[in-house]
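Remarks on the structure that follows.
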Amino acid sequence: MSMPTAAPSPVKVLVVDDSVLMQKLMTQIIDSAPGFKVIGVAGSAEEGWDAIQELRPDAVTLDLELPGRHGLKLLARLMKQDPLPVLIVSAFGGPGADNTLQALELGAVDFIEKPDGATHTLEGFMKHLVAALQRAAASRRIFAMARSAMAREAVPERPALVREPARAAAGGRVSLIAIGASTGGVPAVQVVMRDLAPQRIPMVVVQHMPPGYTVKFAARLAAATGLDVREAADGDRLKPGMAVVAPGGPRHLEIEERRGELVCVLKDGPLVSGHSPSVDVMFHSVARSLGAHAVGVLLTGMGRDGADGLLAMRKAGAETLIQSGETCVVNGMPKAAFEIGAADRVVALDQIGATVGHLIAERPHQRTA
């Protein structure tokens with residue numbers, strides 16, 4: 001007779017919020033969610049840091065506006081000295097807010113807004129809080145690896161590149177670089193685009209974000225890369241040195257080739273691979289329109305959005321790369337792509353730009369400007 005399997009230990013959560021009401025509300029919600037347990041609360045950044053050192057939580061919820069030191073300062077300190085999955089829960093953020101994007105850039109796993117009784121209901125908040133905590137919990141392994149590397153005072157070992165023989169049909173000019181990302185993708189997309197900016201080849205990005213965030217995200221990418229980066233509009237024509245970010249909301253972004261020009265097309269439609277806009281939809285459109293004259297890059301993210309589309313690009317002759325699991329915040333989307341054979345190469349984040357640059361240099365007449 002086999003012994004019963006012990007139930008897994010709950011994910012230990014620390015709540016950092018200066019509102020006693022929110023502390024109680026979030027504790028009630030989290031404790032009622034299967035697999036989660038609040039092990040402590042803190043009312044300031046200083047208390048939060050002390051509680052993290054004492055209680056060793058698996059994940060942290062963090063308000064941005066705290067008495068004394070701002071929540072972003074605690075987040076920056078945590079990511080530098082003792083990385084943990086952090087979920088921002090705040091009323092002082094919202095679509096496109098600088099502090100929201102700063103938090104994501106610093107390494108926060110996700111952001112949700114507090115209920116206000118109007119736009120953000122309590123019911124919606126409960127649902128989003130639990131879902132976001134599940135995403136945070138799924139990323140614990142990556143943060144544990146980061147802490148282990150810090151303890152060894154060494155850089156995590158990079159995985160070997162997975163290379164396949166170049167396809168003879170894949171010659172010719174690269175006309176577009178297509179990038180997909182989700183959880184953890186804000187800083188990852190910035191790194192890749194910054195490194196690819198000198199190529200001056202048009203880029204298209206689908207980063208899972210709610211409506212309102214992508215305009216500011218595009219502006220921050222423009223400042224970081226020097227490229228003409230904008231939120232995509234229906235009918236936009238892609239030019240050298242230009243990049244577009246799919247707008248958050250109900251429409252999918254597709255790329256079509258019309259009379260030698262690459263054109264953005266926004267289409268209403270149901271969720272695809274659980275998302276709108278969907279990386280899969282964008283990648284499939286690039287495969288149809290450009291075939292071998294494109295490069296596909298799939299970065300960190302939950303789920304499997306982008307895997308099937310990247311496979312379509314590869315079958316059409318495009319070069320395809322995925323971010324290595326060791327450098328992902330969440331190795332969901334890249335892993336799904338790897339498992340179905342969609343990736344030509346698995347590359348550490350800080351090497352993706354150089355790798356794509358080398359691929360482009362191997363092709364004749366690679367630049368569009």
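In the full protein context, segment 272-363 carries 29 Å² of accessible surface per residue, based on a 1.4 Å probe and ignoring ligands, DNA and RNA. If the chain linking ASP350 and GLU54 were pulled fully straight, counting 0.36 nm for each residue of separation and taking away their Cα-Cα distance, it would gain 103.2 nm.
Cross-link partners among lysines for LYS37, C-alpha distance below 24 Å, same-chain residues fewer than 8 apart left out? Cross-link targets: LYS12, LYS24, LYS114, LYS127. Once the gyration tensor of the Cα atoms in the chain is diagonalised, the equivalent ellipsoid follows with semi-axes of 37, 22, 19 Å, ordered largest first. For LYS239, the lysines whose Cα falls under 22 Å of its own Cα, not counting residues fewer than eight places away in the same chain, are LYS216, LYS267. Ignoring the sites themselves, the chain has its longest run without trypsin sites (Lys or Arg not before Pro) in a DSSP loop having at most 15 other Cβ atoms within 10 Å at 260-366. Eigen-decomposition of the gyration tensor built on the alpha-carbon atoms of segment 240-352 gives equivalent ellipsoid semi-axes of 22, 17, 13 angstrom, largest listed first. With a cut-off of 14 Å between beta carbons, the residues surrounding MET22 carry a summed charge of -4, where Lys and Arg count +1 and Asp and Glu -1.
Taking a ≥ b ≥ c as the square roots of the eigenvalues of the Cα gyration tensor, segment 203-271 is oblate, since a/c reaches 1.5 or more and a/b is not larger than b/c. Just report the Cα centroid separation between segment 33-90 and segment 276-344, whole Å. So the two Cα centres are separated by 33 Å. The slack in the chain from ALA233 to GLN28, taken as 0.36 nm per residue of separation less the alpha-carbon distance, amounts to 69.6 nm.
Local charge for ALA218 was computed over the other residues whose Cβ lies under 11 Å away, with Lys and Arg +1 and Asp and Glu -1, and equals +1.
Tell me which GluC sites (Glu not before Pro) from segment 314-368 have a DSSP coil assignment and no more than 15 other beta carbons within 10 Å of their own. Sites meeting the loop and neighbour criteria: GLU362. Simple spin-label estimate for ASP98 and ALA144 gives 3.8 nm between the two label positions (7 Å along the Cα-to-Cβ direction from each Cα). Report the calculated FRET efficiency for ARG194 and THR121 (r = Cβ-Cβ distance, R0 = 41 Å), to the nearest 0.05. That gives a FRET efficiency of 0.60.
For segment 60-68, putting each phi into the Karplus relation 6.51 cos²θ - 1.76 cosθ + 1.60 with θ = phi - 60° gives couplings of 10, 9, 9, 7, 7, 9, 10, x, x Hz, in residue order, rounded to whole numbers and with x for Gly and Pro.
The values are calculated or read from the model by the stated rules, or taken from the named source; none is laboratory data. Predicted model only: the values in this text are computed from it and were never measured. Every residue, glycine as well, gets a Cβ built from its backbone with ideal geometry; the counts of neighbours run over all protein chains shown. SASA here: full protein model, heavy atoms, side chains in, ligands and nucleic acids out. Shrake-Rupley method; radii C 1.70, N 1.55, O 1.52, S 1.80 Å.
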